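S.K.: Before we start, here is the structure in question, set down as structure tokens.
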Amino acid sequence: MSERPPISPRSPRAALEPEQVPPPPKRSARARNPFVIVGNAIITLLIILMIGAGTGYYYGRQALEMPGPLQEDKIVNIPARAGKRDIADVLLREGVINVNPWAFIGGVFALRASSDLKPGEYSFQRNASLRDVIATIVEGKVVQHAVTIPEGLTSEQIVTRLTDNEIFSGSVREMPREGTLLPETYKFPRGTTREQVIQRMQQTQRRVLAEIWERRNPDVPIRSPEQLIVLASIIEKETGRADERSRVAAVFVNRLRQKMKLQSDPTIIYGLVGGKGTLGRPIRRSEIQQPSPYNTYVIEGLPPGPIANPGRASLEAAANPARTRDLFFVADGSGGHTFTETYDQHQKNVVKLRALERQIQNDTAEPTDDGPPTTAAGGSADTNPTATTTRPGAAKKPPRPAAQSTATPPVLQR
């Protein structure tokens, strides 16, 4: 039998008192070490941070990759000097994103793009994710607007077009010289200054002119690139048809070789209105013989400067004209021209044109100030001319109506 511990008798008072709970054991000196306490706290904090980071990464990635709210492609302008919050507000207002602005800012930081956001006009694709939106702004591939400058405009007309175009900024400080701008289709981002546009057109013109000058026909009686521009500007104003430029060029080159006056109506117009480019009415007979440095009915050879800004094709035609002996051309009534070598052939074509004009009863009539007109047959000469008739030795005498004269051919402007 096991022995039981002896029972100690207790007094009635002691029996009424609660039993004393033994004190907890004392912690060891190692557990009370402050390094252990700090270490445990750091480990706990790291665990919490890891859990938080994992959760944040999961939901952050979801937010970055989730398709955006755009139902179709949209162009949005990010203004200059806009901060991250400003950009987020713009994107949210335009419906490109549908997350809290702070989520956008967080995405920017997550993608390390804080210093790479660029202002400009951007095209965001349909359902673009937040990652795609941020990448588009970081790449800086802004929308390029195509701007077409037609051939044959004067510098003043081109500057007017640039001034009226709202995608450009600033103003043109100085009117560019006539013939120094290359008409073409260019692409510019919104906000490009007009001075930058002018500079680019001038740089392109210099490059193209140098290339064409190097490939020119050495037999062409043109002494400098500047003279090439002058001739090309006359060709540009005389015809808008690509298949006729080289033949028109040949007529003027042949006349230069034979020391004949060019007798081009567009030069008269430029001498009257300069950079404005358009006369607003047909040429009067008195204006044909009116002295002007640009009036090729009066002066010998080329005028002192271009009368417009010619395009690449007209420059090519001036440098390499067709190999013909044509000296005259006149409208054929269908938008083109008839070219001839002799004045007699030319006169017959003029008679045909006059008969056609009478048949269709041309609506416009040339104003007169000192007698019947001789340079236009019912058509306006203030736009891009489409016909010219010329003859050597015509500057000495006033021109007569084409149907009556065999000695002094007029210039017919259509």
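The values are calculated or read from the model by the stated rules, or taken from the named source; none is laboratory data. What you are looking at is a predicted structure, and each value in this text was computed from that prediction instead of being measured. Because the Cβ atoms are built from the backbone with ideal geometry, glycine has one as well, and the counts that use them run over all protein chains shown.
S.K.: Looking at this structure, is Thr204 surrounded by 15 or more Cβ atoms within 10 Å (Cβ to Cβ), among the hydroxyl-bearing types (Ser, Thr, Tyr) and assigned to a helix (DSSP H, G or I)?
M.R.: Here the answer is yes, as Thr204 does meet what is asked.
S.K.: From (1) modelled with pLDDT under 95; (2) over 12 Å from the mean Cα position of the chain (by Cα), pick out the condition that doesn't hold for Arg190.
M.R.: (2)
S.K.: Can you tell me which residues in region 224-273 are polar (S, T, N, Q), assigned to a loop (DSSP other than H, G, I, E, B) and at negative phi?
M.R.: The answer is Ser224, Thr239, Gln258, Ser264.
S.K.: So which pairs qualify, if the first residue must be in region 267-279 and of a type in the set (Lys, Arg), the second must be assigned to a helix (DSSP H, G or I) and surrounded by fewer than 17 Cβ atoms within 10 Å (Cβ to Cβ), the Cβ gap must be under 7 Å, and the two must be at least 6 apart or on different chains?
M.R.: Within 7 Å, the pairs are Lys276/Glu156.
S.K.: Scan (1) on the phi > 0 side of the Ramachandran plot; (2) at pLDDT 90 or above for the single condition Ala318 breaks and write down its number.
M.R.: For Ala318, the exception is condition (1).
S.K.: Turning to a different aspect of this structure: Could you please find all residues in region 99-148 being touching a residue at least 60 places away in the same chain (Cβ under 8 Å), among the aliphatic types (A, V, I, L, M) and assigned to a loop (DSSP other than H, G, I, E, B)?
M.R.: Ala128, Val143
S.K.: Applying the selection to region 231-252, what residues are surrounded by fewer than 24 Cβ atoms within 10 Å (Cβ to Cβ) and not hydroxyl-bearing (Ser, Thr, Tyr)?
M.R.: Gly240, Arg241, Ala242, Asp243, Glu244, Arg247, Ala250
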